[in-house]
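Where a number appears in this text, it was derived from the coordinates with a stated rule and is not lab data. Because the structure is a prediction, the values reported are computed rather than measured. All Cβ positions, glycine included, derive from the backbone under ideal geometry; neighbour counts span all protein chains shown.
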Amino acid sequence: MGISRYLPNNPIRKFISTPGAMSIFREVGFIGDSLSSGEHEGFLNDTKTYHDYYEYSWGQFIARRCGLKAYNFSQGGLKASTFFDYIQKEGCNPFVDEKRCQAYFIALGVNDLNHIDTYEDGFGSIDDVDFENEDNNKHSFVGQYVRIIQKLRKFEPKCRIFVLTMPTGQKEDKGAKIRANKHRDFLLSLKKYFDFFYVIDLRKYAPIYGKKFRKKYFLGGHMSALGYLFTADMVITYVDYIINKHPEDFAQIGFIGKGVYNSLCKW
């Protein structure tokens, strides 16, 4: 499958061949940029074109494999700072009852870190977060990213949240490495502040996106359909690992949004 990180505890050292434990979810939301939107990059007459083909997104591949309902709250170019403007578009709002989910995946950071100057307070720190009122968070990447998590938890308090670190590119320059590692460290730190919160650490465990990998799975600067399918398989395998490692965290998935629970089990 192209996995290059043969660490003994690598959750995705070998992909599973079945839908696995991720199939316990029935409704899942995917928040992200172009790489969460199945974006295909065209090139004609010296002009690049970009097309969000949601049916090719890794979230929708997961939905078809696992028999669940997936909602794309994603768009090419999306940043944490533009998320709340974006969801004003018709059909994009996750905070409506008909699109309430048991779990949400957040894959944001590439556009943010490449354009960190668009944030008044830069990358920021956890001190930028108001845990009483998320609308008071500072206009930093950290403040606006955490604001999304806070809003999701207010809307569906027991939802499970999965966040993705950025995979490693073979020819990353020093600046790119520093930014991606800082992004990873930030996401890992959030486990102290939120329960039922899980990091899918592609930075540590995914294959290196080098020349050979890109030839097979990329179409220009974005992935091809095969690449998005690969990402889906990777996420399905990782989530299966997380659920089976922490089954007590997922015992009451069927009760999320139902207004009932089992007081004898973890909730």
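Within the stretch 79-103, being charged (D, E, K, R) and assigned to a loop (DSSP other than H, G, I, E, B) holds for K79, K89, E90, R100.
Within the stretch 117-137, the set of residues being surrounded by fewer than 16 Cβ atoms within 10 Å (Cβ to Cβ) and either assigned to a helix (DSSP H, G or I) or of a type outside the set (D, E) (or both) comprises D117, T118, G122, S125, I126, D127, F131, N133, D135, N136.
Hey, any hits in the stretch 151-165 for a residue that's over 21 Å from N93 (Cβ atoms) and in contact with a strand residue (DSSP E or B) (Cβ under 7 Å, 6 or more places away or on another chain)?
yes
Residues in the stretch 173-225 that are part of a helix (DSSP H, G or I) and hydroxyl-bearing (S, T, Y) were compared, and the one that is nearest to L7 (Cα to Cα) is Y205.
So, L44, is that one surrounded by 15 or more Cβ atoms within 10 Å (Cβ to Cβ) and more than 27 Å from G254 (Cα to Cα) or not? So L44 does not fit the description; no. Among the candidates L226, L219, L190, the residue that is farther than 25 Å from T18 by Cβ, more than 16 Å from the chain's Cα centre (by Cα) and of a type in the set (A, V, I, L, M, F, W, C) is uniquely L219.
What residue, among those in the stretch 138-172 that are of a type in the set (D, E, K, R) and not in a loop (DSSP other than H, G, I, E, B), is nearest to Y104 (Cα to Cα)? That would be R160.
In the condition set (1) under 25 Å from K182 (Cβ atoms); (2) over 19 Å from the mean Cα position of the chain (by Cα), P11 is compliant with all but (2). Screening G59 on (1) surrounded by fewer than 17 Cβ atoms within 10 Å (Cβ to Cβ); (2) touching a helix residue (DSSP H, G or I) at 6+ places or on another chain (Cβ under 7 Å); (3) closer than 24 Å to H183 by Cβ shows it passes everything except condition (1). Of the residues L188, L202, L164, the single one that is crowded, with 19+ Cβ neighbours inside 10 Å and without any contact (Cβ under 8 Å) to a residue 40 or more places away in the chain is L202.
When D195, D201 are checked against the criterion of being touching a Leu at 6+ places or on another chain (Cβ under 8 Å) and closer than 24 Å to M22 by Cα, D201 stands alone in meeting it.
Within the stretch 23-41, can you find the residues that are surrounded by fewer than 23 Cβ atoms within 10 Å (Cβ to Cβ) and closer than 30 Å to Q252 by Cα? Across the stretch 23-41, the qualifying residues are S23, I24, R26, E27.
For the stretch 49-79, the candidate set comprises residues that are touching a strand residue (DSSP E or B) at 6+ places or on another chain (Cβ under 6 Å) and among the charged types (D, E, K, R); within that set, the residue that is nearest to V239 (Cα to Cα) is K69.
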